[in-house]
Amino acid sequence: MMRKLGYPSLLAALVFVFAIPVAQAQSVDIGRHSRPRITHGVDERDLVTLKGNTHREANDDNDRGEVDDDFPMRHMLLQLHRSPAQERHVQKFIDELHDPDSPDFHKWLTADEFGDKFGVSQHDLDTVTRWLRSYGFRINVVYPSGMVIDFSGNADQVRRAFHTEIHHLDVKGRKHAGNVSDPQIPAALASVVTGVVSLHNFRPRTMHLMRKVPPKFTFNGLFGTTYALVPADLATIYDLNPLFSAGYSGQGQTIALIEDTDVFTSADWNTFRSKFGLSRYTAGSFRAVHPAAPTGPNNCGRPGVVAPNDAEAILDAEWASAAAPSAAIQIASCADTTTTFGGLIAIQNLINASSQPPAVMSISYGQCETLNGVAANAAYSAAYQQAVAEGVSVFVAAGDSGAAGCDNSVSQATHGIGANAFASTPYNVAVGGTDFSDTYSGTNAIYWNSTNSSAFASAASYIPEIPWNNSCAGALLSTYLGFALPYGANSLCNDPSYGPSLQTTVAGGGSPSACATGTPSIAGVVSGTCQGWPKPSWQRVLGNPNDAVRDTPDVSLFAADGLWSHYYVFCWSDTVNGGAACSGDPSTWSGAGGTSFSAPILAGIQTLVNQKMRARQGNPNPVYYQLAASEYGSSGSTSCNSTLGNGVASTCVFYDVTQGDIDVNCMGNNSCYNPSAPGTQGVLSTSNNSFNPAYGTMTGWDFATGIGTLNATNLVNNWPTAGPLPGFFISTSPSSMTITRAGNGTNTITVTPLNGFSSSVNL
């Protein structure tokens, strides 16, 4: 193409070019070469307390005395932070990475580039590391992100440097060690130091629940016949088969599953795939990796088999493979240290490696925000933030205790409403859990065939869904068993026959972020100065409340463990620790539920998106919410309502779950409505004085299931393909002019005039 660029156009180009230094001069001072924020000498007499960094179990009742001075404190992680203005700058950049109209759309960074652009200044890093070394700590790794320092020492060094003692703790017979007061640091360092991620060895929870009865495909349970979900059922229900037939099954894609254990045996993965017809996807592979630190001594030890977490690792691997059978499944695990969850070390090492990290990551562990602590909350948010800047899609199990995130798998909630800190950041997809409603509605025969296929499948179509909820406080369960109200002295929870066996907090996780920062005044309860993560710009859709905070979950998938007659089957042959032999008919194999299943499955579905788009997508939430907002509009989509079951429209990307709740039973005065006499069971509510269940379904988004569930084929086929609109950026120098076309691909033309720019230029 020939084009004349005369003096007016050239003048405009020059104006554009000369405007750039002005804009840069007004930008935020940030990055490794920025001005230092530690501007005063380190005075050990002027200390500040890093509040909210003592575990609630580190109390007088559990205290068994101080550990020895040489008690090892290995691979502690010091989390750093930016100024508020700098943090806004980072967030703006990440928004632009996911904005199709931005010239920075999908221009993912490397770890070194991320550190250069957004890390703490080199001067401040040097000051902090010198201070740590002054107490004898060994600096293991200063991560390329410029946001985390790995260091080791002993309890005496921690006491002297951070002014907190490490004590032995006994919690219901389990031995632990941890700090008994919040650490302190010199005030001069507080401008860049958030805190030590962990000074204790309490570990996050896995997000799966094993069935309490021997798993069988058909047996007479509480509600009659029970149906065990297998991979071919998943493919039918969530419409994966058309993608598989079209050649999209995860070829060339890798899913990293974050763990702190090795699997019991990789043979279980092979057995699972062989039994359920997945081995025909010959490109699929499985391997365990222990990602090393980018520099210095290796902080990623081989964890070995840690029971029962090895059940978590193998179910993650098997069901991620069920959704993306041709993908490379990678167990990325590091051993827990005396202070740090091995999964977090694995994440840091993956996202800070010199090579590009896997494009999809799944995490099925969690801890509530109030218990996780300020430094650990910041650590997970910052790690996921860096991951999405590198193009990684991070999927996290939303939780298995309804809105009672601090009361996992107990008989009643006592700590009120709380979010899973691993899932509540603005940079991950929080994956919730559903159950099927066919048992409740008496339509099993419509949705399940009477015989199994060769791959043991029996699902006939998409099945109507409800939130996963095992608690007596659930309205559907209460109604089904003949109780008029889910609360009060005459409720199901307080019935002497049914109540005791159904008092539980087991339900799909969902709640607002409420204590990502700040310090609770009541241990484990949202209170005091607690505040949630701010609502991300993309979380806008019908139903999502105007609450100014990050809300979870985002998307849900089936996660039930059997109450309403449905659960997952998987191969875990660790019989000594609760597994089952994976031989013969799989009706005798292990059975379980939990958002531990839904998270790796959605991660697998995302790899099919990536495969078709031929590119990593970073945080997929902006697209999820964009597609959901288009489908639900201002009043919802009646044709995509999950209650329609096999009658839903063929065009639905998401299925809106509008029946049921995740409400669980409770006691006490923390978000617990109990109009009965003291000692009876109440129901989790946003008010102690009225029944505002936490939480029910509604049209569009809700805390029970988020956007809802999905049709995988329609999600992949409706994924937007447009990049930024083509634009021309012109720069000049005394000797040449460069014209760059930015958009879907970048082309550059450099013009070198023979006689200077004295007249028009022909291109």
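The values are calculated or read from the model by the stated rules, or taken from the named source; none is laboratory data. Model, not experiment: these values are computed from the prediction. Note that each Cβ is placed from the backbone with ideal geometry, even for glycine, and that neighbours are counted across all protein chains shown. Surface accessibility is based on the protein's heavy atoms, side chains included, excluding ligands, DNA and RNA. Shrake-Rupley method; radii C 1.70, N 1.55, O 1.52, S 1.80 Å.
Some points to look at:
- The residue list K92, K117, K107, K51 contains one member that is closer than 23 Å to Y380 by Cβ, without any contact (Cβ under 8 Å) to a residue 60 or more places away in the chain and either of a type outside the set (S, T, Y) or touching a Pro at 6+ places or on another chain (Cβ under 9 Å) (or both), which is K92.
- Residue check for D262: part of a loop (DSSP other than H, G, I, E, B), open to solvent by less than 50 Å² (accessible area, probe 1.4 Å) and touching a strand residue (DSSP E or B) at 6+ places or on another chain (Cβ under 9 Å): yes
Table: residues versus (1) assigned to a helix (DSSP H, G or I); (2) under 23 Å from the mean Cα position of the chain (by Cα).
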| position | (1), (2) |
| --- | --- |
| L77 | no, yes |
| E87 | yes, yes |
| P100 | no, no |
| H106 | no, yes |
| L109 | no, yes |
| D112 | yes, no |
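Conditions tested, residue by residue: (1) in a helix (DSSP H, G or I); (2) within 31 Å of the chain's Cα centre (by Cα).
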| position | (1), (2) |
| --- | --- |
| G433 | no, yes |
| T439 | yes, yes |
| S450 | no, no |
| S453 | no, no |
| A457 | no, yes |
| I463 | no, yes |
| A473 | no, yes |
| L477 | yes, yes |
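- Enumeration of residues in the stretch 443-457 that are closer than 14 Å to S565 by Cα and either open to solvent by less than 10 Å² (accessible area, probe 1.4 Å) or touching a Ser or Thr at 6+ places or on another chain (Cβ under 6 Å) (or both): W448
- Evaluated against (1) buried (at least 17 other Cβ atoms within 10 Å of the Cβ); (2) closer than 19 Å to V197 by Cβ; (3) not small (G, A, S), Y135 falls short on exactly one condition, (1).
- Filter result for A404 (more than 29 Å from Q86 (Cβ to Cβ) and either open to solvent by less than 10 Å² (accessible area, probe 1.4 Å) or in contact (Cβ under 8 Å) with a residue 40 or more places away in the chain (or both)): yes
- Condition met for F395 (at pLDDT 95 or above and outside any loop (DSSP other than H, G, I, E, B)): yes
- Test: S354 is among the hydroxyl-bearing types (S, T, Y) and open to solvent by 30 Å² or more (accessible area, probe 1.4 Å): yes
- Residue selection: P358 satisfies the criterion of being within 14 Å of I255 (Cβ to Cβ) and assigned to a loop (DSSP other than H, G, I, E, B).
- Any hit, the stretch 223-241, residues being open to solvent by 40 Å² or more (accessible area, probe 1.4 Å), hydroxyl-bearing (S, T, Y), modelled with pLDDT under 95 and in a loop (DSSP other than H, G, I, E, B): yes
- Residues that are touching a residue at least 60 places away in the same chain (Cβ under 8 Å), crowded, with 24+ Cβ neighbours inside 10 Å, under 30 Å from N349 (Cα atoms) and not acidic (D, E) are absent from the stretch 462-474 altogether.
- From the list P500, P486, the lone residue that is open to solvent by 10 Å² or more (accessible area, probe 1.4 Å), more than 30 Å from A235 (Cβ to Cβ), in contact (Cβ under 8 Å) with a residue 12 or more places away in the chain and more than 28 Å from the chain's Cα centre (by Cα) is P486.
- Per-region count, the stretch 569-588, residues in contact with a Gly (Cβ under 6 Å, 6 or more places away or on another chain) and open to solvent by less than 10 Å² (accessible area, probe 1.4 Å): 2
- Extreme residue, nearest to N610 (Cα to Cα), among residues of the stretch 358-372 that are open to solvent by 10 Å² or more (accessible area, probe 1.4 Å) and not hydrophobic (A, V, I, L, M, F, W, C): P358
- A592 vs. criteria open to solvent by less than 40 Å² (accessible area, probe 1.4 Å) and either under 20 Å from A459 (Cβ atoms) or not in a strand (DSSP E or B) (or both): yes
- Filter result for the condition that a residue is at pLDDT 95 or above, touching an Asp or Glu at 6+ places or on another chain (Cβ under 7 Å) and not hydroxyl-bearing (S, T, Y), over N449, N469, N494: N469
- Counting only residues that are in a loop (DSSP other than H, G, I, E, B) and either within 16 Å of Y625 (Cβ to Cβ) or modelled with pLDDT under 95 (or both), the stretch 543-560 holds 8 of them.
- Residue within the stretch 428-442 that is without any contact (Cβ under 8 Å) to a residue 12 or more places away in the chain and open to solvent by 30 Å² or more (accessible area, probe 1.4 Å) present: yes
- Of all residues making up the stretch 307-344, the number that are out of contact with any Phe, Trp or Tyr (no Cβ under 6 Å at 6 or more places or on another chain), closer than 22 Å to K275 by Cβ and open to solvent by less than 10 Å² (accessible area, probe 1.4 Å): 10
- Cβ pairs under 8 Å, 6+ apart, first in the stretch 610-629 and at negative phi and among the aliphatic types (A, V, I, L, M), second modelled with pLDDT under 95 and not in a helix (DSSP H, G or I): M613/T721
- Residues of the stretch 330-355 that turn out to be assigned to a loop (DSSP other than H, G, I, E, B) and within 17 Å of R205 (Cα to Cα), as a count: 8
- The stretch 20-55: number of residues that are modelled with pLDDT under 90, buried (at least 16 other Cβ atoms within 10 Å of the Cβ) and either out of contact with any Phe, Trp or Tyr (no Cβ under 8 Å at 6 or more places or on another chain) or farther than 22 Å from L125 by Cα (or both): 4
- Residue satisfying all of: in the stretch 518-542; touching a Gly at 6+ places or on another chain (Cβ under 6 Å) and in a strand (DSSP E or B); most open to solvent (accessible area, probe 1.4 Å) among these: Q531
- Index of the failed condition, D99 passing every other in (1) surrounded by 16 or more Cβ atoms within 10 Å (Cβ to Cβ); (2) within 30 Å of G153 (Cα to Cα): (2)
- Total residues in the stretch 266-291, condition within 26 Å of the chain's Cα centre (by Cα) and surrounded by fewer than 19 Cβ atoms within 10 Å (Cβ to Cβ): 4
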